[in-house]
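The values are calculated or read from the model by the stated rules, or taken from the named source; none is laboratory data. Not measured: the values here are computed from a predicted model. Ideal geometry is used to build each Cβ from the backbone, glycine not excepted, and the neighbour counts take in all protein chains shown.
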There are 2 protein chains.
Amino acid sequence: AALRCDRLLLGVNANRDVNPELARERESPSFNVETLVTVLDGSLEETHLRRSVGELLHVIRDPVFSRENVHFKTGQERYEGAIERSFHLRNIMTQKGWATEGPEMSYVYRALSGELAFNVHGVFLKSVMALGTDEQIAKWASLASNYNIIGTYAQTELGHGTYLRGLETTATFDIKTQEFVINTPQITATKWWPGDLGKSCTHAVVLAQLITKDKSHGMHPFIVQIRSMKDHSPLPGITVGDIGPKMSFEHIDNGFLMLRSVRIPKENMLSRYSEVLPDGAYVKRGSDKINYFTMIAVRVSMLGNEVLASLKKACTISVRYSAVRRQSELKPGDQEAKIIDYQTQQQKLFPLVATCYAIHFTVKYGFVWFSYASEICSNGVEVCRKACGGHGYSLFSGLPSLYTKVVAACTYEGENTVLHLQTARFLVKSFLLAQSGKALPASTTYLSSPVSNRCRANNQSDFLNPDVYVEAYQQRAYRLVASAANKMHGLVQSGSEQYLAWNNTSVELVKAHTHYMTVKIFADALQYVSSEPEIQTAIKRVCDLYALHGVFTNAGDFLQDGYLSGKQLDLATAAYLHLLPLIRKDAVLLVDAFDFADAELLSAIGSYDGNVYHNLLEYAPSGCACRPRLDALYVCPFI
Amino acid sequence: AALRCDRLLLGVNANRDVNPELARERESPSFNVETLVTVLDGSLEETHLRRSVGELLHVIRDPVFSRENVHFKTGQERYEGAIERSFHLRNIMTQKGWATEGPEMSYVYRALSGELAFNVHGVFLKSVMALGTDEQIAKWASLASNYNIIGTYAQTELGHGTYLRGLETTATFDIKTQEFVINTPQITATKWWPGDLGKSCTHAVVLAQLITKDKSHGMHPFIVQIRSMKDHSPLPGITVGDIGPKMSFEHIDNGFLMLRSVRIPKENMLSRYSEVLPDGAYVKRGSDKINYFTMIAVRVSMLGNEVLASLKKACTISVRYSAVRRQSELKPGDQEAKIIDYQTQQQKLFPLVATCYAIHFTVKYGFVWFSYASEICSNGVEVCRKACGGHGYSLFSGLPSLYTKVVAACTYEGENTVLHLQTARFLVKSFLLAQSGKALPASTTYLSSPVSNRCRANNQSDFLNPDVYVEAYQQRAYRLVASAANKMHGLVQSGSEQYLAWNNTSVELVKAHTHYMTVKIFADALQYVSSEPEIQTAIKRVCDLYALHGVFTNAGDFLQDGYLSGKQLDLATAAYLHLLPLIRKDAVLLVDAFDFADAELLSAIGSYDGNVYHNLLEYAPSGCACRPRLDALYVCPFI
């Protein structure tokens, strides 16, 4: 009862009872949900901290933070709302003494679902701190920290993505005036995408090819003032604006920037790692790769904060909805059945719930697999959405915007394939190192020798032994990496040049490697994740489901070399199907444990109280005059 | 040149030359694109008819039909635009003498990308025609045809979907007054989703449980007036409004409807198939199932018109963009490579181009597979979108709205799983009929006996023999249907009741059956689709790619029973990979042959002229004041 009350405090419908359809699902839990919440957070203290941040931001019902009616707002209103919210948050942080990099911040982001401004302003600040000299930091960092200037980070160009050497913007040193002259000499050189650029920023860190004494020295970062500090109008030579509407992120002013012989003083080149002397000589100190740091940092923090959270939210919404929604007879003459009782629905949703747990533990234990996880999570969110039928198509379900937002992670800072290819290269290289007896990094030690080439499972229950399925995944990853390495070797031998060979090797092996690591880390975590047997049992089932679902859906990989026989695959599939009704019993509890407040889910069909239809009717006409007075019309059993 | 000119006439950028990157792709075609266009249309006459409709609607540059700036419009503006466009179209149809069901109409729909109003008004009209008595037709059909009334068709309820018996709206006959009293007695009974209901309609065909003399007689259609003919205000007892924003279809006023003891005259029950006599007696004539007709009709016509067209458009956009976009070095020291030259990109896009052709021919030759095709096509559109990286995330690419719109087809009139389960039932039933020696419908004759249980291919080129891969698909479909039938039989024998067995059988077999039928029909079509050898060669390759890609991605199904050996799978995969560079050469031509005008694609990155970056810059700031004057800034090689 205390728990329910806590949750409802976070919700918007505190005065309504829980829909009996959903209450029944929580009546006789096979484990304590609060304990599982703590297990997921890592400790009771973290759970308290997270909830205290959430309560502070939601319970006070601060209208600035409210996302009610968000779907009726224009892009401009959402942009202005995000700015207002960001400054408001800053005040609260000051009051509460929360540091910018403090432990509260990821919970703030979670509570506000990221609808904030000045994210790339933060990247501007970090770039200055990382790439500037002490003098430059002294000058720019405090200006930016105090929002006296608004910065952005302008790297990507209209015609060029992650490939830094392809960028066309130039910064030519003029010895006479001791200035850099910045140009985007082609349409394709136009800076494109930076957030906070379209409308907000006054300054930008612009990545440009440094040219001095007619020689090019590659990409370097320059601070360029974009707009007047007096009236915010673009400075001479600068054309800047919003790139127009996107699939989501209506609140962000992603922008474009053209520079036509814009002159900046010499000291605006961020010079911690390289410098141009007054005579035009180029001096370098430190790594070439340093400039790439910012984007990597963005990706890693996003994985936990946003990508995984989106799938957790989508699972929460769709599982709760499926426990309320009824459709068709399952047994002739019965009431329409809950859709969660259909095996087809279970096969859609439960593997995704299991995926949330699997990624949660692998991220927590340090294995980061952004490029693959962003694809898994965004596809998963969309499966959840479709599994909610027509109501999942309504923006009020919360699911469409979860999808359109998270799917951007598949193309941030380079299309995912770029990252896949990089990882594939790393794996093949590791394999070849192992062949020549060299030591391997921890995540790839398994590449030094093959495991058994036949699975030893004889019956269905053998497939519930983590040793059995972990080995299967290990063997699959080993085989695919080895085969790619050999194939490449063959291509190179046959005269195909190596760069072509790289292009031709498949990226399937990255998936196999990541899948193996995830299953292994998840299975290892079972040992120490909780001392409570009920929790252990519940998580073990989730882990089994995750692993066996992967076998079932990638059957070809396990069958091709005869590691699994057709008969064994049948056993694994049977074991997987057998788990579904067990997970079914815990399903609502497993998503409750993700512990999202209603204000975080913002879903008419996924709220904690399960009053799906009532919520839809309440949301629907709030944009028009014809809002029905439900109470006058109906005596509803659960109003 | 004539062709290019024709196409550019349809486009928005008639004054610009084709980007040399794209021009090169069309320089030495391996077949005549115009011939392939005609093959796809079915005849030269159809091509002419289609183009004449398109030209009429686009070339006149009628501002009413223009979809420029659509992404900057509010929902209300798009709703009003769709209504204006519909009436304008009606005038043109009258002028030109085009009939409502005439051959021009599907091309009109294609040309205007469906941004029209009154679609469900058309369903209202069809319902009256199909379900009304001659008297009822005489009264209502002309009113509706002349738009004196606007109708809608209200079946789906907030808590109930395709399962008709679950609907809760009631129509109770009152003998005293000779009226029906219509009620939505629960929140869940609220009618929900009908297009044209939220704002436009005056009348509705409402599906309701008929109750007379305290006995329920199932669902029947009733004409209910919703709004006043004087001031359009809702009539007494009626609460009606818009259900709020959706993932797409901003121009459609999907609505909700609550009825509280709304009385309608007895003659408003559509009574062609059943009637209530003045004394309350219920008289039936004809089939029970008739009411379901409308939804089926909607689905079939959608498959060709919208679902497949969306994938064709997405392929057109992404293939053209991939032939312009450059990213990273493929060969060290070279210019950045076209992304279409990366095998990873080819593996994403070319199987989808092949899927367009496969579905095109199967639809054309009468095999309709809506439930599966809507999933394939919507997933495919999203793959195309992601393959365009960041620019695919911009609404200006045209890809996000293609996706958010076509994906609705997966949940129209019942979530796809419902249809999958129905087909699965049909297949298992057919198999069991065949076991007892009964004759089967043409599409399932193959279920009467198994084919060979080992594939006879010995080398890579064997897999380019359609007999080889058609047999493989046939064997897979047979095996999965047989195994499901046997599994079900086993479950029933073991005491599991039949309804549970149905729930537990997999829907994989539906996919296998549909896949087999598609490959078979496509392979058969190769015989007679064209007499020109160049066209034959091109289409044969596409068919081979489609079939082998399916083997490669569903390897487990072919390996599990040993029909393919691991070795054979390697050969099939090699044959598939070998096709990619051949398709690469024709890729732009294969999508050009879909023959979409720029005004139909409405894509900055997919227009015929390939001026991707220029278009993006032109589109971007048209919503704000800071539009750059490109000509003043740059001397662009292809402006």
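Could you go through segment A:269-280 and let me know if any residue there is surrounded by 20 or more Cβ atoms within 10 Å (Cβ to Cβ), at pLDDT 90 or above and either assigned to a helix (DSSP H, G or I) or within 14 Å of another protein chain (Cβ to nearest Cβ) (or both). No.
Test A:Phe426 against the stated conditions and say whether it is more than 10 Å from chain B (Cβ to nearest Cβ) and of a type outside the set (S, T, N, Q). Steps first, please.
Working: more than 10 Å from chain B (Cβ to nearest Cβ): yes; of a type outside the set (S, T, N, Q): yes.
Answer is yes for this residue.
Test B:Ser328 against the criterion of being surrounded by fewer than 20 Cβ atoms within 10 Å (Cβ to Cβ), facing another protein chain (nearest Cβ under 9 Å) and not basic (Lys, Arg), and give yes or no. So B:Ser328 fits the description; yes.
Out of the residues in segment B:46-77 that are in a loop (DSSP other than H, G, I, E, B) and over 24 Å from the mean Cα position of the chain (by Cα), state the one that is farthest from the other protein chains (Cβ to nearest Cβ).
Looking at the filtered set, the residue picked out is B:Ile60.
If you go through segment B:157-179 one residue at a time, how many are among the basic types (Lys, Arg) and either within 18 Å of B:Val240 (Cβ to Cβ) or within 40 Å of the chain's Cα centre (by Cα) (or both)? Total meeting the criteria: 1. Considering only residues of segment B:227-248 that are more than 9 Å from chain A (Cβ to nearest Cβ) and at positive phi, which is surrounded by the fewest Cβ atoms within 10 Å (Cβ to Cβ)? Applying the filter and picking the extreme gives B:His232. Within segment B:220-256, the residues that satisfy the criterion of being farther than 19 Å from B:Leu125 by Cα and assigned to a strand (DSSP E or B) are B:Pro234, B:Ile238, B:Thr239, B:Val240, B:Gly241, B:Asp242, B:Lys246, B:Phe256. From the residues in segment A:166-197 that are within 10 Å of another protein chain (Cβ to nearest Cβ) and of a type in the set (A, V, I, L, M, F, W, C), which one is surrounded by the most Cβ atoms within 10 Å (Cβ to Cβ)? Among them, the one singled out is A:Trp192. Among the residues of segment B:580-610, those identified as over 24 Å from the mean Cα position of the chain (by Cα), buried (at least 20 other Cβ atoms within 10 Å of the Cβ) and more than 14 Å from chain A (Cβ to nearest Cβ) are B:Ile583, B:Asp586, B:Asp609. Here B:Ala130 meets the list (1) surrounded by fewer than 22 Cβ atoms within 10 Å (Cβ to Cβ); (2) among the hydrophobic types (A, V, I, L, M, F, W, C); (3) not assigned by TED's automatic domain parsing to the domain that holds B:Arg260 almost entirely, failing just condition (3). Just one residue in the set B:Ser145, B:Ser113 is of a type in the set (Ser, Thr, Tyr), in contact with a helix residue (DSSP H, G or I) (Cβ under 9 Å, 6 or more places away or on another chain) and not assigned by TED's automatic domain parsing to the domain that holds B:Ile243; that residue is B:Ser113.
A single entry from B:Val59, B:Val33 fulfils the requirement of being touching a Leu at 6+ places or on another chain (Cβ under 9 Å), at pLDDT 90 or above and among the aliphatic types (A, V, I, L, M): B:Val33.
Tally time: how many residues in segment A:90-104 are within 20 Å of A:His48 (Cα to Cα) and not in a loop (DSSP other than H, G, I, E, B)? Can you show your working first?
Of the residues in segment A:90-104, the ones within 20 Å of A:His48 (Cα to Cα) are A:92-93, A:95-104.
Add one more test, that the residue is not in a loop (DSSP other than H, G, I, E, B), and what stays is A:92-93, A:95-96.
Counting residues in segment A:90-104 that are within 20 Å of A:His48 (Cα to Cα) and not in a loop (DSSP other than H, G, I, E, B) gives 4.
Residues in segment A:75-118 that are among the polar types (S, T, N, Q) and free of Cβ contacts under 8 Å to residues at least 60 places away in the same chain were compared, and the one that is surrounded by the most Cβ atoms within 10 Å (Cβ to Cβ) is A:Ser86.
Residue by residue, here is whether (1) within 14 Å of chain A (Cβ to nearest Cβ); (2) in a helix (DSSP H, G or I); (3) within 30 Å of A:Asp242 (Cα to Cα) holds:
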| site | (1), (2), (3) |
| --- | --- |
| B:Leu308 | no, yes, no |
| B:Leu311 | no, yes, yes |
| B:Gly333 | yes, no, no |
| B:Gln347 | yes, yes, no |
| B:Thr355 | no, yes, no |
| B:Phe361 | no, yes, no |
| B:Ser374 | yes, yes, no |
| B:Val383 | yes, yes, yes |
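Restricting attention to segment A:257-268, the residues that are within 14 Å of another protein chain (Cβ to nearest Cβ) and either of a type in the set (D, E, K, R) or assigned to a strand (DSSP E or B) (or both) total 5. Reported count of residues in segment A:331-345, each being out of contact with any Ser or Thr (no Cβ under 9 Å at 6 or more places or on another chain) and either buried (at least 24 other Cβ atoms within 10 Å of the Cβ) or of a type outside the set (D, E, K, R) (or both), is 3.
Would it be correct to say that A:Ser430 is in contact with a Ser or Thr (Cβ under 9 Å, 6 or more places away or on another chain) and either over 25 Å from A:Leu548 (Cβ atoms) or modelled with pLDDT of 90 or more (or both)? Even if it seems obvious, please write down each step before you answer.
Details: in contact with a Ser or Thr (Cβ under 9 Å, 6 or more places away or on another chain): yes; either over 25 Å from A:Leu548 (Cβ atoms) or modelled with pLDDT of 90 or more (or both): yes.
Yes; evaluated as a whole, the condition is true for this residue.
Out of everything in segment B:187-219 that is part of a strand (DSSP E or B) and free of Cβ contacts under 8 Å to residues at least 60 places away in the same chain, what residue ends up being nearest to the chain's Cα centre (by Cα)?
We begin by selecting, within segment B:187-219, every residue part of a strand (DSSP E or B); these are B:191-192, B:203-212, B:215-219.
Add one more test, that the residue is free of Cβ contacts under 8 Å to residues at least 60 places away in the same chain, and what stays is B:206, B:208-209, B:211, B:216.
Working: B:Val206: 26, B:Ala208: 29, B:Gln209: 31, B:Ile211: 37, B:Ser216: 37 Å.
Result: B:Val206.
Of everything in segment A:537-572, what is aromatic (Phe, Trp, Tyr), within 9 Å of chain B (Cβ to nearest Cβ) and surrounded by 23 or more Cβ atoms within 10 Å (Cβ to Cβ)? Give them in sequence order.
Narrowing segment A:537-572 to residues aromatic (Phe, Trp, Tyr): A:546, A:552, A:558, A:563.
Still in the list and also within 9 Å of chain B (Cβ to nearest Cβ): A:552, A:558.
Result: A:Phe558, single match.
Got a sec? Which of B:Phe431, B:Phe426 is within 30 Å of the chain's Cα centre (by Cα), among the hydrophobic types (A, V, I, L, M, F, W, C), buried (at least 16 other Cβ atoms within 10 Å of the Cβ) and not assigned by TED's automatic domain parsing to the domain that holds B:Asn254?
Values: B:Phe426 fails: buried (at least 16 other Cβ atoms within 10 Å of the Cβ).
Step by step, each of B:Phe431, B:Phe426 is checked, and only B:Phe431 is within 30 Å of the chain's Cα centre (by Cα), among the hydrophobic types (A, V, I, L, M, F, W, C), buried (at least 16 other Cβ atoms within 10 Å of the Cβ) and not assigned by TED's automatic domain parsing to the domain that holds B:Asn254.
Given the structure, is B:Gly151 crowded, with 24+ Cβ neighbours inside 10 Å and either in contact with a Gly (Cβ under 7 Å, 6 or more places away or on another chain) or not assigned by TED's automatic domain parsing to the domain that holds B:Leu125 (or both)?
Numbers: crowded, with 24+ Cβ neighbours inside 10 Å: yes; either in contact with a Gly (Cβ under 7 Å, 6 or more places away or on another chain) or not assigned by TED's automatic domain parsing to the domain that holds B:Leu125 (or both): no.
The answer is no for B:Gly151.
Which helices (runs of 4 or more DSSP H) sit wholly inside segment B:434-536 and have at least 1 residues that are crowded, with 19+ Cβ neighbours inside 10 Å, of a type in the set (Ser, Thr, Tyr) and in contact (Cβ under 8 Å) with a residue 12 or more places away in the chain? Full working, then the answer.
Working: elements: B:466-493, B:498-504, B:508-525.
In segment B:434-536, the matching helices (runs of 4 or more DSSP H) lie at B:466-493, B:508-525.
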